[in-house]
Amino acid sequence: MSVQTAASSSIKTVNPATNKIEKQFDVMSDQQIEQILAAADAAFQQWKKTPFAERAKLLHNVAAILRDRQDELGKLCTIEMGKLHAEGVGEVQLCADIFDYYADHGERFLADKPLETGIGSAFLSYDPLGVLLSVQPWNFPFYQITRSAAPNIMAGNTMVLKHASNVPQCAAMMERIFIDAGAPVGVYTNLFVPGAKVSQLIGDKRIKGVSLTGSEAAGSSFAAEAGKHVKKSTLELGGSDAFVVLADADLDLAVKTAAMGRLWNAGQVCVSPKRIIVLEDVAEAFIAKARAIYEKIRIGDPLDPSTQLAPLSSEKAAGEIVEQVATAVKEGAKLIYGGHRVDRPGAYMEPTILTGIKPGMAAYAEEIFGPVLCVYAVKDEAQAIALANDSIFGLGGTVFGTDTARAVAVARQIDSGMVYINHTTGIAPELPFGGTKNSGYGREQSPAGIHEFVNEKLIRITTPDAPY
Ligand code: NAP
């Protein structure tokens, strides 16, 4: 794709550490999109017939390239959306692990499944659907596309990917990596289109399944369009994970885990611990300890290995989060620490602690997608569970406590897709990722992730000896 010189394209790299435009890309024309969809559809007709071993080879090749180039790719994440370089490198390593995971296990996950039946025999076969449209956000530029692409390409589908407009170099790079890994033309293709173009793509008859990771607003209109065209969809949307600290928790460890977990990716993680719920009698100590950690946080250049807190993804994002904090304070919340922009170029904001957030305040209900630790004090465990569940979101969550059985009993009562004990909500190729309530539906990663976009086809065998 050619580089644009005019400052008009919505698809561009603006380095959040400097707020300077580094590169711009043309939005694709209707004719280019048509060529891409035709190629993806033609590729599917061949790709679906390839043996699993051939697909696995492609995925292993992708993994190898990711590992070889992890430093450079991590840097690309930093330049486009601001994350710490070490976090970018870690993300690329995780992507390599996910590609290897589906390459190693995909065939087994999609093996025919015999069914118990009274007469004759029956089994399920798992057939790929066709061209999939995947729409992804910027917060993990390589990981988000990986967890969508790896299982689906292993399953025999082909994919067109619309990435967030602020990470175009990562988007183009992933397509390049697939080509370098030996992918036939059309198996994985990047689309440079704005969000407004997505509904037209969903309606295209060659698109057989659609998935979106992003905000609730985008997910809702996306799923409505998919419903209109009767297309299978999955949604991975926002979250406001509760981090429940039980009475028997190791307080120092809980504070450190919550406070530093909230700064991961500058707080721009769907499963960041966004609501810290502690018992009243330890709340003051918890907040003081968290404040002591945040006072020492080194804010700075995300490429500098000593930096602990990177800029947010954009000037707009930083402005919005500071505004959310200011509104919370106006509505009666207490600002314990931070809450302001940092006096340096770039989309920086201070690590922030808020308390006293109550029902009815915007901050109680909204997702805060930045480095803001919101601490709630409750009387007892029952109130902690009720507060954890008083959210439209249900993505992840944490229960902190030394009595594992008790922590698990609390975890069972939390309405979310994932609950981690003594850890912030995490990620592993073999574990399912996804939410409930307004956090969306469907699962990525794990065996479940490869079953989302396949036709579970029943084949039933009866014979003259065993008639139906
Ligand atoms: P966003 O605005 O919804 O953007 C996400 C993607 O959707 C981008 O590619 C965007 O394209 C596209 N898009 C925007 N509006 C659209 C529309 N109306 N129809 C179709 N596509 C549309 O999300 P964001 O605010 O940048 O990302 C942060 C959100 O993602 C947070 O809520 C976070 O919790 C959530 N998230 C969830 C998960 C999960 O697994 N559950 C993971 C990561 C992030 P453009 O960039 O061109 O607008």
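The values are calculated or read from the model by the stated rules, or taken from the named source; none is laboratory data. In this text, all values refer to a predicted model and were calculated from it rather than measured experimentally. Methodologically, a virtual Cβ is constructed for each residue, glycine included, from the backbone with ideal geometry; neighbour enumeration extends over all protein chains shown.
Quick notes on this structure:
- Of the candidates ALA171, ALA181, the single residue that is modelled with pLDDT of 95 or more and under 22 Å from the mean Cα position of the chain (by Cα) is ALA171.
- Selected residue (criterion: nearest to ALA43 (Cα to Cα)) from residues of region 107-139 that are assigned to a loop (DSSP other than H, G, I, E, B), modelled with pLDDT of 95 or more and of a type in the set (Gly, Ala, Ser): GLY130
- Residue in region 402-412 that is surrounded by 20 or more Cβ atoms within 10 Å (Cβ to Cβ) and not aliphatic (A, V, I, L, M) present: no
- Test: residue in region 344-354 that is of a type in the set (Phe, Trp, Tyr) and within 25 Å of the chain's Cα centre (by Cα): yes
- One residue stands out in region 202-219 among those that are part of a helix (DSSP H, G or I) and more than 16 Å from GLY434 (Cα to Cα): the one that is nearest to the ligand (Cβ to nearest atom), namely ALA218.
- Breaking point among (1) aliphatic (A, V, I, L, M); (2) within 15 Å of ALA149 (Cα to Cα); (3) within 15 Å of the ligand (Cβ to nearest atom), for MET173: (3)
So that you can scan it fast, the table gives a plain yes or no per residue for (1) closer than 17 Å to MET173 by Cα; (2) within 16 Å of the chain's Cα centre (by Cα); (3) β-branched (Val, Ile, Thr):
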| position | (1), (2), (3) |
| --- | --- |
| VAL89 | yes, no, yes |
| CYS95 | yes, yes, no |
| TYR102 | no, no, no |
| LEU115 | no, no, no |
| TYR126 | no, no, no |
| GLY130 | no, no, no |
| ILE145 | yes, yes, yes |
| ALA149 | yes, yes, no |
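- Restricting the first member to region 236-248 and to residues that are not assigned by TED's automatic domain parsing to the domain that holds VAL135, and the second to residues that are part of a loop (DSSP other than H, G, I, E, B) and away from the ligand (no atom under 16 Å from the Cβ), the beta-carbon pairs closer than 6 Å and six or more apart or on different chains are LEU246/GLY401; ASP248/GLY401; ASP248/THR402; ASP248/ASP403.
- Whichever residue in region 367-416 is within 16 Å of the ligand (Cβ to nearest atom) and among the charged types (D, E, K, R) and, among such residues, is farthest from ARG262 (Cα to Cα): ASP415
- ALA226, sole failed condition from (1) in a strand (DSSP E or B); (2) within 16 Å of the ligand (Cβ to nearest atom); (3) aliphatic (A, V, I, L, M): (1)
- Unique residue being polar (S, T, N, Q) and surrounded by fewer than 22 Cβ atoms within 10 Å (Cβ to Cβ) when the list is SER221, SER240, SER272: SER221
- Count of region 178-193 residues which are more than 16 Å from the ligand (Cβ to nearest atom), in contact (Cβ under 8 Å) with a residue 60 or more places away in the chain, out of contact with any Phe, Trp or Tyr (no Cβ under 6 Å at 6 or more places or on another chain) and not charged (D, E, K, R): 6
- Subset of region 419-439 (residues that are in contact with a strand residue (DSSP E or B) (Cβ under 7 Å, 6 or more places away or on another chain), buried (at least 16 other Cβ atoms within 10 Å of the Cβ) and more than 21 Å from TYR376 (Cα to Cα)): ILE427, PHE433, GLY434, GLY435, LYS437, ASN438, SER439
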